[in-house]
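Below: the structure, in structure tokens.
The values are calculated or read from the model by the stated rules, or taken from the named source; none is laboratory data. Just so we're clear, the structure is a prediction, and the values are computed from it rather than from any experiment. Every residue, glycine among them, receives a Cβ derived from its backbone with ideal geometry; neighbour counts consider all protein chains shown.
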Amino acid sequence: MKHSRKSYIFSGLLGITLAASILAFSGCNDVDNSAKQVAATINGIIVTEDEIRDAAADDLESIELRKLREAAANARAEHEAMTQAMERLMEEKLLTLEAAEQDVSKEQLIEREILRKITDPTEEEIDRVYELNKARVNRPKEDVADSIIRFLRDMQEKEIRDEFMRQLEQKNKVVRNLGQFRVDLITAGHPSLGPEAAPVKLVLFSDFECPYCRDFKDTLMEITENYSGKVQLVFFQFPLNAIHPNAQRAAEASLCARDQNRFWEMHDMLFDNQRSLSEENILRQATSLDGFDSAKFRECLSSGRHKTEILQDLRAAAAAGADSTPTLFINGLYLSGGQPYDAVATIIDKELNER
């Protein structure tokens with residue numbers, strides 16, 4: 001029976017691990033585990049690792065968030081690399097099949113179906129590109145004309161190639177199973193609008209002090225109204241505390257209002273009064289809500305009981321690869337920034353049509 005060198009190495013490592021475990025079990029029972037917590041002493045006064053970890057909590061949390069963001073970015077980059085490789089391979093195979101069917105070489109096929117169809121741009125086209133970029137280029141047209149011509153020819157070649165490849169895909173019944181990169185987000189317990197069973201789930205990471213989030217709010221409210229029953233909007237807290245000093249308390253206030261089933265009313269109030277999000281102003285504004293228990297709200301806000309929940313949302317944002325606000329995930333598809341209505345609706349329509 002043959003054994004690879006890897007199997008011998010693995011067996012050896014396993015033996016070492018087991019031996020170490022046996023020695024640890026048999027020889028270390030008398031060691032006081034609390035002694036391992038001693039990181040330093042000052043005149044016999046113990047400083048434990050737990051104390052140090054508590055003192056470094058903010059820095060350690062920043063490191064954890066950075067690790068989560070890096071892992072998310074790597075996962076996205078890996079999927080993108082796989083997608084690009086798949087497209088290159090598919091194009092190569094489609095061209096090879098078509099060349100064989102037409103009894104020509106692949107190079108001859110490309111020359112006939114793509115390269116020969118490229119024409120030189122007109123003076124009007126060159127002028128249009130130059131005028132659009134004149135301020136940035138800051139050079140006479142004669143100096144950059146050749147570059148503009150190459151650019152326009154390259155664009156034309158891409159359009160011709162893309163159209164030819166679309167025809168070949170239809171002819172050969174291409175099916176892509178790799179799919180787009182999607183993020184799986186657990187939304188249970190988060191504030192939401194729309195039915196849980198809606199075919200399209202919109203997961204929003206937002207900051208009450210972010211002006212782009214305020215503007216995007218109106219877009220999403222219009223979306224939920226126009227796609228009633230078809231979408232569910234779920235809100236995640238993403239206060240950018242480094243640049244928005246009132247965002248954290250505003251986030252806590254929204255969750256304290258949720259405790260009274262008034263999240264969306266507080267959500268609208270906070271965004272509508274974005275320039276006055278001090279705790280004092282938030283408490284004063286809360287009293288204008290009909291039937292709202294202001295004393296209970298004040299007690300909740302002063303207790304800080306929702307800080308852990310907001311921290312969990314920040315970790316969810318990092319793990320999903322969200323690094324700015326607003327960030328929206330449409331059935332797990334990443335959409336960054338305050339996009340216009342049509343951009344969001346186009347993706348929703350595509351998701352609905354593919355179900």
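Here is a yes/no grid of residues against (1) in contact (Cβ under 8 Å) with a residue 12 or more places away in the chain; (2) surrounded by 14 or more Cβ atoms within 10 Å (Cβ to Cβ); (3) not acidic (Asp, Glu):
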| residue | (1), (2), (3) |
| --- | --- |
| ALA100 | no, no, yes |
| ILE126 | yes, yes, yes |
| LEU132 | no, no, yes |
| ASP143 | no, no, no |
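Based on this model, can you work out whether SER206 counts as surrounded by 18 or more Cβ atoms within 10 Å (Cβ to Cβ), in contact with a helix residue (DSSP H, G or I) (Cβ under 8 Å, 6 or more places away or on another chain) and among the small types (Gly, Ala, Ser)? Criteria met by SER206.
Taking the conditions exactly as written (within 24 Å of the chain's Cα centre (by Cα) and at pLDDT below 95), does ALA242 satisfy them or not? Taking the combined requirement at face value, the residue satisfies it. Here is the figure for region 307-355: residues that are of a type in the set (A, V, I, L, M), surrounded by 20 or more Cβ atoms within 10 Å (Cβ to Cβ) and in contact with a Ser or Thr (Cβ under 9 Å, 6 or more places away or on another chain) total 5.
You will find that of GLN285, GLN274, GLN237, the residue that is under 24 Å from the mean Cα position of the chain (by Cα) and at negative phi is GLN237 and no other.
Selection of region 324-343 for residues being out of contact with any helix residue (DSSP H, G or I) (no Cβ under 6 Å at 6 or more places or on another chain) and on the phi < 0 side of the Ramachandran plot yields SER324, THR327, LEU328, PHE329, LEU333, TYR334, LEU335, SER336, GLN339, PRO340, ASP342, ALA343.
Only one entry in PRO239, PRO245 is outside any helix (DSSP H, G or I) and surrounded by fewer than 17 Cβ atoms within 10 Å (Cβ to Cβ), namely PRO245.
Take the residues of region 157-195 that are among the polar types (S, T, N, Q) and touching a residue at least 60 places away in the same chain (Cβ under 8 Å): which is farthest from ILE223 (Cα to Cα)? Going through the qualifying residues, I end up with ASN172. Show me the helices (runs of 4 or more DSSP H) found entirely inside region 81-188 where at least 1 residues are under 30 Å from SER336 (Cα atoms). Because the criterion is at least 1 residues that are under 30 Å from SER336 (Cα atoms), the helices (runs of 4 or more DSSP H) in region 81-188 that meet it are 123-137, 141-171.
Candidates ARG315, ARG284: the one that is part of a helix (DSSP H, G or I), of a type in the set (Lys, Arg) and in contact (Cβ under 8 Å) with a residue 12 or more places away in the chain is ARG315.
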